[in-house]
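The structure appears below as structure tokens.
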Amino acid sequence: MRAIVVRKFGATPELAEMPMPEPGPGAVRVQLQAAGVNPFDRKVASGILDGRLPHDFPMILGVDG
């Protein structure tokens, strides 16, 4: 899947090919034709939630679909 990611806090967001996530128990996978990245995602990419929420890099931005 294509996603907007950052490879470390403060990095420039970039388009990348990422593995398709597998839904866990009680979850479903939804196919989107378009997704959005909003100003809050830019704050997350800058590290505003570092130490408050778990994260992995590359971090996928955007939850608006």
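Rule-based calculations on the coordinates, nothing more; no lab input. Keep in mind it's a predicted model, so treat the numbers as computed, not measured. Quick reminder, even Gly has a Cβ in these numbers, built from the backbone with ideal geometry, and neighbours come from all protein chains shown.
May I ask you to compute the full-extension gain from Phe9 to Asp64, defined as 0.36 nm times their residue separation minus their alpha-carbon distance, rounded to one decimal in nm?
Extra length available between Phe9 and Asp64 comes to 17.7 nm.
Please give the peptides 25-36, 4-15 ranked by average Cβ packing (other Cβ atoms within 10 Å per residue), highest first, as a rough proxy for protection.
4-15, 25-36
Using only Cα positions of the chain, each an equal point scatterer, no hydration layer, compute I(q)/I(0) via Debye at q = 0.15, 0.19 Å⁻¹ and quote the log10 values to two decimals.
-0.51, -0.80
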